[in-house]
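Notes follow once the structure below has been shown.
The values are calculated or read from the model by the stated rules, or taken from the named source; none is laboratory data. Note that the coordinates shown come from a computational prediction; the quantities given were computed from them, not determined experimentally. Here Cβ is always computed from backbone atoms with ideal geometry, including for glycine, and neighbour counts include all displayed protein chains.
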Amino acid sequence: MTHLATLAKEVDDDKVTPGVLGFIVFAVMALAVWALMKSMSRHMNKVDFTESSDGKAGSGGTGTAAEPKAKQG
């Protein structure tokens, strides 16, 4: 047991390190971000970005910026 003590370094009370818990938290956060990016990529691939040929956005078309309303007066 004494031969393992020579491999251990003296602990400095003024030095703060993240340790194993910090690595685990960082790894979990990295995996979560990776999973979210993969999910977002999958959802973005489902979106259809083509515009309709008549130039109107949506089916209603009322009250859009392209069609100004007439003033009553």
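Worth a mention:
- Restricting the range 27-73 to residues that are of a type in the set (S, T, N, Q) and part of a loop (DSSP other than H, G, I, E, B) leaves a set whose member that is modelled with the highest pLDDT is T50.
- Summed over the range 16-26, residues that are surrounded by 10 or more Cβ atoms within 10 Å (Cβ to Cβ) and in a helix (DSSP H, G or I) total 5.
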